[in-house]
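Taking it in order: structure first as structure tokens, then the write-up.
The values are calculated or read from the model by the stated rules, or taken from the named source; none is laboratory data. Small disclaimer: the values here were computed from a predicted structure and weren't measured. Glycine also receives a Cβ, built like all others from the backbone with ideal geometry; neighbour counts cover every protein chain displayed.
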Amino acid sequence: MHRFAKPSVFLKLTAPILPWLAGATAMLIAAGLYFALFASPIDYQQGDTVRIMYLHVPSAWMGLFCYVGMAICGAMSLIWKHPLADICARATAPIGATFTALCLITGSLWGEPMWGTWWVWDARLTSMLILLFLYLGYIALVNAFDDPDRGSKAGSALALVGAVNVPIVKFSVDWWNTLHQPASIVRMDGPAVDPSMQLPLALMILGFTGYYFVVLILRVRLELNERRIRALHLSGMFDDTAQDAEPYDPGHNAEASQ
Amino acid sequence: MNGFTAILRRDLQLAMRQGADSVMVVAFFIVTTTLFPFGVGPEANILARIASGVIWVSALLAAMLSLERVFQTDYEDGTLELLTLSPVSLEIVVLGKVVAHWLTTGLPLIVAAPLMAVMLNMDTDGFVVLMIAMLLGTPALSLIGAIGAALILGARRGGVLVSLLVLPLYIPILIFGAGAVEAALLGMSATAQLQIMGAILLLALAATPFATAHALRQAME
Amino acid sequence: MAVFSGSDLTCLRGERLVFGKLSFAANPGDAIMLRGRNGAGKSSLLRLMAGLLVPRSGQITWNDDPIHSDRIAHHARLQYLGHQDAIKPVLSVRDNLHLWGQLRGVDDIDREIDTALHALDIHHLSRTAGRYLSSGQKRRTALARILIGHADLWLLDEPTVGLDRESSNELAQLIADFRAKGGIVIYSTHIDLAVKEPTLLDLDEFAIPMIEWLKDHDAPADDGIRSDPKRAAQ
């Protein structure tokens, strides 16, 4: 298992997949948006605001999906010490954090006209908020070390600890909430979703998942190539141009918000 | 076991000689708690209503404040390197250090808590449950916090970072700790909450030393 | 087959290749002196030998058992002296040393501490708190630590830093005594230490130009696993 040998395989394998995946994702999201915004019925109670759901629910799904992905990467890094696992976990975090934040923001925008308030200390909202904190903690930890490798490894350990803790947090938040306001009126998912809404929802979820993989592959490729460049710099190959070597780590979470 | 007592004794000895740490934690706890009446207003009813939550939040923050130093000084002066290389499993070493941390920070907090409860007009019904809940909760705080303390070794701005990592993980203890006192104040049984806290403590005791030791080994690389 | 040996060791620190394809072997009574310019990996090699670091490739064995298969046993047989002295300022010299005796399961700790302090000529300081020690005295306290309890292997990273000429000679004497008892000493130093006939290990010889190494490892077929002729011969 080697950090430079394996990555070259990754680069080779993903190069042909990437355009297809990106194309499929674009089509899924375009179709999903068309159905969501134009071709789906409005809710008889909620009116057009129900269309927020088509962004909100997939974001919530992605927030959880990315965290599970990070935890699996953390476990793989722990068990097999695979260098790609750390890089994947590191690349996933900002995407997951963005989706979680998007979920909270859209939820808030949806909640205002529906419940008359931007925020409720409902169990679901609260656990989503804590998930966002976990992401932010991970990102802060990973970027807090001068040696990026050490940061990734510490992050993987944290992701794994968090994964053990997330169910406990979730469960205790549910418990806490029912204790204070029993039989909460606030239900995020509403009544059984109408079939005409299921199609755009499914398209959007698939599209978002595809988007995640596209961005993940891009970010991992970027990181691998950056490492190669750094390794080549260290090898002294570019000795005459060594002065304009770029400083390491131009912010791992900077481009995820795009 | 020999290694455990050796580490525990040495850390307690250090705490005795340096002194300040325990005092600081308790002082921080008392000062934080005192701030709430200023923020919320001195009305006895309101204070009694929020007392359990305020005490728990302050205790959480106070415990967290001292976390950074659990491994930091040993890391900086090379002791941790030698502990990693000693013929005692690192998990035992971690356990010794965590118990020492609890004895020097958690235990003083438990002693100080009833005092603050009195000052916040908390009903005396809740005192015993508050003490028991803290007895179960604070060791779990030290155990979970140790992971964070080990992860941040060698990081920039470690102190702020450890709070960001550890606070979300503390939420269950806060919920059940405050919930237990709340239940007792309402005249209900707090057994369920206390049992869950006991379960969390046992889980933390079983799992966190391994995670912490793993993080320490990483920091030594 | 040597008691303590390593073969085909490659070490990466961060993303820098420190050395590659390094081998060493030592038998009881041997001393190995590590040489090399700054950054050649003297400290890294000692940390690999101690088990603090894991080599990127290759293996270190003690009596043919990989040292990572039984970490505790390896730690029990080695004494490591790093760059830092690990001395708590508020504890006396004796209290500082006491912990390490306890962790090694030494029976008569006080007697061993006395012997160690006499050997390093700092017995008069045994009740002095760490914060009042000069840097040379701290270094000697750290050296006293490695005399406590039984060990088969000393890994000394720049042991002479902070020591004057006389103390260095004392250290050389300690090393000679330890070797006479069948111990293995591996050390790095910048100044001359009067150790008798050490084996020289020049780390500069194992510095691989990173570009070559990258080419070697970018080949997809090479998975970092290769056959080890020494192991095959067994």
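Taking the range C:26-135 as the region of interest, the helices (runs of 4 or more DSSP H) fully inside it that hold 2 or more residues being more than 15 Å from the chain's Cα centre (by Cα), away from chain B (no Cβ under 11 Å) and under 28 Å from residue B:71 (Cβ atoms) are C:93-103, C:109-119. For the residues B:199, B:184, the requirement of being over 19 Å from the mean Cα position of the chain (by Cα) and part of a helix (DSSP H, G or I) singles out B:184.
The residues on offer are C:39, C:29, and the sole one that is in contact with a helix residue (DSSP H, G or I) (Cβ under 9 Å, 6 or more places away or on another chain) and of a type outside the set (Val, Ile, Thr) is C:29.
Would you mind finding the one in A:117, A:126 that is in contact (Cβ under 8 Å) with a residue 12 or more places away in the chain and either within 14 Å of another protein chain (Cβ to nearest Cβ) or among the polar types (S, T, N, Q) (or both)?
Of A:117, A:126, the one residue that is in contact (Cβ under 8 Å) with a residue 12 or more places away in the chain and either within 14 Å of another protein chain (Cβ to nearest Cβ) or among the polar types (S, T, N, Q) (or both) is A:126.
Could you tell me which of the residues C:214, C:203, C:147, C:155 is touching a Phe, Trp or Tyr at 6+ places or on another chain (Cβ under 9 Å), under 23 Å from residue C:83 (Cβ atoms) and modelled with pLDDT under 85?
C:203
Return the pair list, or none, for Cβ contacts closer than 8 Å from residues in the range A:1-14 that are closer than 16 Å to residue A:223 by Cβ and hydroxyl-bearing (Ser, Thr, Tyr) to residues that are assigned to a helix (DSSP H, G or I) and modelled with pLDDT of 80 or more, at least 6 apart or on different chains. Correct list of pairs: A:14/A:217; A:14/A:220; A:14/A:221.
If I filter the range B:5-26 for residues that are outside any helix (DSSP H, G or I), of a type in the set (Asp, Glu) and surrounded by 17 or more Cβ atoms within 10 Å (Cβ to Cβ), do I get at least one hit? No, there is no match, as no residue in the range B:5-26 is outside any helix (DSSP H, G or I), of a type in the set (Asp, Glu) and surrounded by 17 or more Cβ atoms within 10 Å (Cβ to Cβ). In the range B:1-20, the residues that are over 11 Å from residue C:99 (Cα atoms) form Cβ pairs under 8 Å with partners that are among the polar types (S, T, N, Q), at six or more places apart or across chains, as follows: B:12/B:104; B:15/B:22; B:15/B:104.
Do we have residue A:79 as among the β-branched types (Val, Ile, Thr) and within 30 Å of residue A:48 (Cα to Cα) here? In short, no. Note on the range B:27-47: residues that are assigned to a helix (DSSP H, G or I) and at positive phi total 0. Checking C:128, C:115 one by one, the residue that is out of contact with any strand residue (DSSP E or B) (no Cβ under 9 Å at 6 or more places or on another chain) and surrounded by fewer than 19 Cβ atoms within 10 Å (Cβ to Cβ) is C:115 and no other. The residues in the range C:156-192 that are without any contact (Cβ under 8 Å) to a residue 60 or more places away in the chain and not small (Gly, Ala, Ser) can be counted, and the count is 16.
On the stretch given as the range A:204-232, residues that are within 12 Å of another protein chain (Cβ to nearest Cβ) and β-branched (Val, Ile, Thr) total 1.
Scanning the range C:140-159 for residues that are in a helix (DSSP H, G or I) and in contact with a Pro (Cβ under 8 Å, 6 or more places away or on another chain) turns up just one, C:143. The combined condition, being in contact with a helix residue (DSSP H, G or I) (Cβ under 7 Å, 6 or more places away or on another chain), at pLDDT 90 or above and surrounded by fewer than 17 Cβ atoms within 10 Å (Cβ to Cβ), is fulfilled by residue A:24. Put simply, of A:72, A:87, A:79, A:95 the only residue that is at pLDDT below 90 and under 22 Å from residue A:165 (Cβ atoms) is A:79. Please enumerate the residues belonging to the range B:31-84 that are of a type in the set (Val, Ile, Thr), within 19 Å of the chain's Cα centre (by Cα) and under 26 Å from residue B:128 (Cβ atoms). B:31, B:32, B:33, B:54, B:55, B:57, listed by residue number. Only one of the numbered conditions (1) surrounded by fewer than 24 Cβ atoms within 10 Å (Cβ to Cβ); (2) more than 8 Å from chain A (Cβ to nearest Cβ); (3) touching a helix residue (DSSP H, G or I) at 6+ places or on another chain (Cβ under 9 Å); (4) not hydrophobic (A, V, I, L, M, F, W, C) is violated by residue B:138, and that is (1).
When residue B:160 is tested against (1) assigned to a helix (DSSP H, G or I); (2) within 8 Å of chain A (Cβ to nearest Cβ); (3) over 14 Å from the mean Cα position of the chain (by Cα), just one condition goes unmet, and that condition is (2). Contact map, the range A:159-174: residues that are within 14 Å of residue A:64 (Cα to Cα) and at the interface with chain B (Cβ under 7 Å from one of its Cβ atoms) paired with residues that are of a type in the set (Ser, Thr, Tyr) and part of a helix (DSSP H, G or I), Cβ distance under 9 Å, separation 6+ or inter-chain. Pairs shown: A:169/A:127.
When residues in the range C:3-25 are screened for being farther than 17 Å from residue C:205 by Cα and either at pLDDT 90 or above or assigned to a strand (DSSP E or B) (or both), 3 of them pass.
Kindly indicate which of A:99, A:145 is assigned to a loop (DSSP other than H, G, I, E, B) and over 30 Å from residue B:183 (Cα atoms). Result: A:145 is the single residue among A:99, A:145 that is assigned to a loop (DSSP other than H, G, I, E, B) and over 30 Å from residue B:183 (Cα atoms).
Considering B:81, B:91, B:43, the condition of being within 30 Å of residue B:175 (Cβ to Cβ) and either within 14 Å of chain C (Cβ to nearest Cβ) or touching a helix residue (DSSP H, G or I) at 6+ places or on another chain (Cβ under 6 Å) (or both) is satisfied by B:91 alone.
Could you tell me whether residue B:174 is in a helix (DSSP H, G or I), within 16 Å of residue B:57 (Cβ to Cβ) and out of contact with any helix residue (DSSP H, G or I) (no Cβ under 6 Å at 6 or more places or on another chain)? No.
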